[in-house]
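The values are calculated or read from the model by the stated rules, or taken from the named source; none is laboratory data. Just so it is clear, the structure is predicted and the values come from calculations on it, not from any experiment. Cβ placement follows ideal geometry from the backbone for every residue including glycine, while neighbour counts extend to all protein chains displayed.
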Amino acid sequence: MDKFDVIVIGGGPAGYHAAIRAAQLGLKTACIDAYAGKDGKAALGGTCLNVGCIPSKALLDSSRQFWNLLHGFEAHGISAKDAKIDVVAMVARKEKIVKQFTGGVNLLFKGNKITSFFGTGKLLKDRQVEITAPDGGKQTIAATNVIIATGSAPIELPFAKFDNKLIVDNAGALDFDAVPKRLGVIGAGVIGLELGSVWRRLGAEVTILEALPDFLGTADRDAARIAAREFAKQGLNIHLGAKLSKAEVKGNTVELTYTDAKGEQKLVVDKLLVAVGRRAYTAGLLGEGTGVKLDERGRVAVDEHCWTGVEGVWAVGDCVRGAMLAHKGFEEGVAVAELIAGKAGHVNYDTIPWVIYTEPEIAWAGKTEEELKAAGIPYKTGTFPFAAVGRAVAMNETAGQVKVIAHAETDRILGVHMVGPCVSELIAEAVVAMEFHGSAEDLARIVHAHPTLSEAVHEAALSVDKRAIHKAN
Ligand code: FAD
Ligand code: NAD
């Protein structure tokens with residue numbers, strides 16, 4: 001039986017980071033991954049590279065260019081008549097990017113001398129792992145440490161089961177070969193908004209049904225309100241408090257039955273994307289007597305160091321508690337590899353940034369006002385609108401604002417909430433400041449280049465102390 005220092009089960013963002021860091025630290029490492037690309041061959045990178053972060057951003061970018069061509073360039077004096085979108089070419093570009101990145105992880109594995117197994121791993125007793133290859137062949141390997149990184153899968157609604165033709169999950173909605181005339185989306189969460197935006201920008205009539213009465217409940221209330229207003233202008237039709245009870249395929253359409261404040265409603269769509277959250281993927285993962293436990297939501301139970309409580313068995317990424325974000329998985333993978341190598345691996349869960357890649361983008365790190373109120377922590381806020389930022393006006397992208405929340409007494413930054421152009425990039429400054437326990441005063445004293453979008457961050461920090469220069473305080 002082959003023996004390793006570290007076996008990683010799952011080659012998504014959490015798993016491949018763990019494997020590369022472990023190999024860098026001189027540990028003999030293997031990674032087992034089951035994901036098969038469209039050609040049936042191994043495709044490392046998990047959900048993120050194959051059907052998540054990267055392909056969705058590729059389509060968001062293509063569709064943003066098309067939307068701007070139709071609706072955004074006119075203000076710049078640029079007109080383009082009869083602009084067309086070739087959906088097949090757009091999706092092929094996305095596929096090329098996916099291949100480039102999944103192939104890239106393969107090369108990184110080779111460069112780091114990581115042994116790669118294509119198949120499904122099952123944890124057995126004593127840190128042995130049984131691998132089942134796609135052809136059914138089995139072998140068992142063992143290690144001093146096993147890192148579980150099996151990720152997550154979309155939640156399926158019993159009354160709207162995926163058929164991957166008309167009722168699709170995220171993977172299906174990344175692969176339409178034409179713009180659906182009417183797209184229904186269940187769930188106004190991150191996937192619903194991002195992929196709903198993609199197809200809306202390309203011309204689909206998009207209706208999003210959200211069960212909860214609040215829009216983007218975990219985001220800053222002002223950011224959610226501003227975003228909702230902008231999405232409505234773009235024609236994204238978002239119904240809150242809409243509870244789906246039936247989705248029936250009728251010919252080439254799906255008939256939805258849902259209830260809202262007005263009673264029972266019907267909606268007929270050509271494609272339905274169900275994006276109501278994801279669940280940890282642990283099916284068939286644990287053999288007899290491993291001692292590894294699942295929590296009440298089927299996630300691998302771990303402590304704050306991603307340790308399962310069983311000697312040498314760890315778990316990272318979407319299959320454990322916490323945010324289901326690629327970068328959270330990256331850092332957990334690295335931290336665990338470092339802990340295994342006797343180093344001080346650590347993840348600061350308080351500063352993990354969230355980004356929603358819509359137009360405008362939404363990004364935040366740290367606490368919301370609601371969370372601080374609930375915890376009884378006194379705070380003060382400073383906001384600054386992009387409409388007063390020279391660069392944003394020059395770009396004709398003025399919707400949105402930056403809000404800095406600081407402790408009322410110590411001035412320590414507790415949260416930063418942004419909605420507006422390129423805030424996916426701007427949030428990094430807030431994360432650095434928070435990571436260094438910075439104050440609003442610290443951000444306010446830093447020189448920001450002019451004219452840049454980052455001036456909104458600077459002015460919002462100044463505004464905490466009512467001394468923003470370009471607005472009335
Ligand atoms: P996964 O990426 O799910 O990888 C797990 C891997 O393990 C898979 O390859 C799976 O096949 C394999 N596996 C499972 N079980 C076994 C087994 N028993 N044996 C062997 N292999 C196994 N996050 C962001 O931070 N930013 C974004 O912009 C973003 N966009 C997203 C867009 C979409 C449409 C979706 C669906 C998700 C998005 N996410 C985004 C979330 C992100 O993709 C996940 O948080 C991330 O992929 C989780 O990484 P992971 O390694 O834990 O799991
Ligand atoms: P989500 O949790 O973001 O949103 C799901 C939404 O569906 C929620 O608003 C929920 O209230 C609603 N919902 C649940 N059941 C419903 C029902 N029966 N009818 C109507 N609405 C219902 O989940 P998601 O959008 O599926 O995305 C899953 C996860 O993937 C995200 O939480 C995030 O962690 C990750 N992701 C991240 C990014 C990013 O970072 N930009 C992008 C995509 C996905």
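Within segment 246-266, identify whether any single residue is assigned to a helix (DSSP H, G or I), without any contact (Cβ under 8 Å) to a residue 12 or more places away in the chain and more than 16 Å from ligand 1 (Cβ to nearest atom), and answer yes or no. No - not one qualifying residue is present in segment 246-266.
Checked against (1) in the same structural domain as Ala283 (by TED's automatic domain parsing); (2) out of contact with any Lys or Arg (no Cβ under 8 Å at 6 or more places or on another chain), Ala142 passes all but a single condition, namely (2). Of all residues in segment 194-209, exactly one satisfies the criterion of being near ligand 2 (Cβ under 9 Å from one of its atoms) and surrounded by fewer than 24 Cβ atoms within 10 Å (Cβ to Cβ), namely Glu194. Looking across segment 140-175, the residues that are assigned to a strand (DSSP E or B) and either free of Cβ contacts under 8 Å to residues at least 60 places away in the same chain or away from ligand 1 (no atom under 13 Å from the Cβ) (or both) come down to Thr140, Ala142, Ala143, Thr144, Asn145, Leu157, Ala160, Ile167. Can you find a residue that is surrounded by 18 or more Cβ atoms within 10 Å (Cβ to Cβ) and of a type outside the set (A, V, I, L, M) anywhere in segment 240-248? So far as segment 240-248 goes, no, none of its residues is surrounded by 18 or more Cβ atoms within 10 Å (Cβ to Cβ) and of a type outside the set (A, V, I, L, M). When segment 42-68 is filtered for residues that are touching a residue at least 60 places away in the same chain (Cβ under 8 Å), touching a Phe, Trp or Tyr at 6+ places or on another chain (Cβ under 9 Å) and not in a helix (DSSP H, G or I), the ones remaining, listed by number, are Ala42, Leu44, Gly45. Restricting to segment 1-17, and then to whatever is assigned to a strand (DSSP E or B) and buried (at least 24 other Cβ atoms within 10 Å of the Cβ), can you tell me which residue is farthest from ligand 1 (Cβ to nearest atom)? Filtering first and then ranking leaves Val6.
In summary, Gly309 fulfils each of the numbered conditions (1) part of a helix (DSSP H, G or I); (2) more than 16 Å from ligand 2 (Cβ to nearest atom) with the single exception of condition (1). Scanning segment 417-467 for residues that are outside any helix (DSSP H, G or I) and at negative phi yields a count of 18.
In segment 43-65, of all residues being over 16 Å from the mean Cα position of the chain (by Cα) and surrounded by fewer than 19 Cβ atoms within 10 Å (Cβ to Cβ), the one that is nearest to ligand 2 (Cβ to nearest atom) corresponds to Arg64. Which of the residues belonging to segment 66-85 are buried (at least 16 other Cβ atoms within 10 Å of the Cβ) and of a type in the set (S, T, N, Q)? Matches in segment 66-85: Asn68 only. Only a single item in (1) crowded, with 16+ Cβ neighbours inside 10 Å; (2) more than 17 Å from Phe162 (Cβ to Cβ) is not met by Thr253, and it is number (2).
Checking every residue in segment 225-235 against the condition of being in a loop (DSSP other than H, G, I, E, B), surrounded by fewer than 14 Cβ atoms within 10 Å (Cβ to Cβ) and modelled with pLDDT under 95 gives zero matches. I'd like to know if segment 102-116 contains one or more residues that are part of a strand (DSSP E or B), over 27 Å from Glu194 (Cα atoms) and either touching a helix residue (DSSP H, G or I) at 6+ places or on another chain (Cβ under 6 Å) or of a type outside the set (D, E, K, R) (or both). There is at least one residue in segment 102-116 that is part of a strand (DSSP E or B), over 27 Å from Glu194 (Cα atoms) and either touching a helix residue (DSSP H, G or I) at 6+ places or on another chain (Cβ under 6 Å) or of a type outside the set (D, E, K, R) (or both).
Residue check: Glu95 meets all listed conditions (1) in a helix (DSSP H, G or I); (2) more than 16 Å from ligand 2 (Cβ to nearest atom); (3) buried (at least 20 other Cβ atoms within 10 Å of the Cβ) but one, namely (3).
The single residue among Arg299, Arg279 that is without any contact (Cβ under 8 Å) to a residue 40 or more places away in the chain and more than 16 Å from Val146 (Cβ to Cβ) turns out to be Arg299.
Screening Ser424, Ser463, Ser439 for residues that are touching a strand residue (DSSP E or B) at 6+ places or on another chain (Cβ under 9 Å), closer than 21 Å to Gly72 by Cα, touching a residue at least 12 places away in the same chain (Cβ under 8 Å) and hydroxyl-bearing (Ser, Thr, Tyr) leaves exactly one candidate, Ser424.
Residues in segment 282-296 that are surrounded by fewer than 13 Cβ atoms within 10 Å (Cβ to Cβ), more than 10 Å from ligand 1 (Cβ to nearest atom) and either at positive phi or in contact (Cβ under 8 Å) with a residue 40 or more places away in the chain (or both): Glu288, Gly289, Gly291.
Quick check, is Leu216 out of contact with any Gly (no Cβ under 6 Å at 6 or more places or on another chain), under 30 Å from Gly415 (Cα atoms) and either buried (at least 16 other Cβ atoms within 10 Å of the Cβ) or not assigned by TED's automatic domain parsing to the domain that holds Ile356 (or both)?
Criteria met by Leu216.
Taking the criterion of being among the hydroxyl-bearing types (Ser, Thr, Tyr) and more than 16 Å from ligand 1 (Cβ to nearest atom), the only residue of segment 193-225 that qualifies is Thr207.
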